[in-house]
Amino acid sequence: MKIDKKTTLKIAKLCRIKVRDGEIEELSSQLSSILDWVEELNEVNTENIEPLNNVSMATLPLRQDKENLQDQSKDVLSNAPEKLENYFAVPKVVE
């Protein structure tokens, strides 16, 4: 689908975007290529595919919880930019 300059200016006006005269041609070309890609997607056969309403409907593999009694505070705090004893040191936010 080819988008002309008039349509591009109308889209820019509806989106309240200021477009300079030199940008209109490039923007028209980009919009046309986006619409061509969408038309290409419409050609994909999706007959036997169920619509996906939400990504969270997929079941994720679960791992077993294992108790770990080792002290790993030094490993965790090794990535901290500042630490004080066995705690993260953060700047004071509230006075």
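Worth pointing out:
- Test result for L31, of a type outside the set (V, I, T), modelled with pLDDT of 90 or more and surrounded by 12 or more Cβ atoms within 10 Å (Cβ to Cβ): yes
- Number of positions in region 34-86 that are out of contact with any Ser or Thr (no Cβ under 6 Å at 6 or more places or on another chain) and either in a strand (DSSP E or B) or not hydrophobic (A, V, I, L, M, F, W, C) (or both): 35
- Just one residue in the set L14, L9 is exposed (fewer than 10 other Cβ atoms within 10 Å of the Cβ) and free of Cβ contacts under 8 Å to residues at least 40 places away in the same chain; that residue is L14.
For (1) within 30 Å of M1 (Cα to Cα); (2) at pLDDT 85 or above; (3) surrounded by fewer than 10 Cβ atoms within 10 Å (Cβ to Cβ); (4) not small (G, A, S), each residue gets a yes or a no:
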residue: D21; (1), (2), (3), (4): yes, yes, yes, yes
residue: E43; (1), (2), (3), (4): yes, yes, yes, yes
residue: N54; (1), (2), (3), (4): no, no, yes, yes
residue: S78; (1), (2), (3), (4): no, yes, yes, no
residue: L84; (1), (2), (3), (4): no, yes, no, yes
residue: F88; (1), (2), (3), (4): no, yes, no, yes
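The values are calculated or read from the model by the stated rules, or taken from the named source; none is laboratory data. The structure displayed is predicted, hence computed values, not measured ones. Virtual Cβ from ideal backbone geometry, glycine too; neighbours counted across all protein chains shown.
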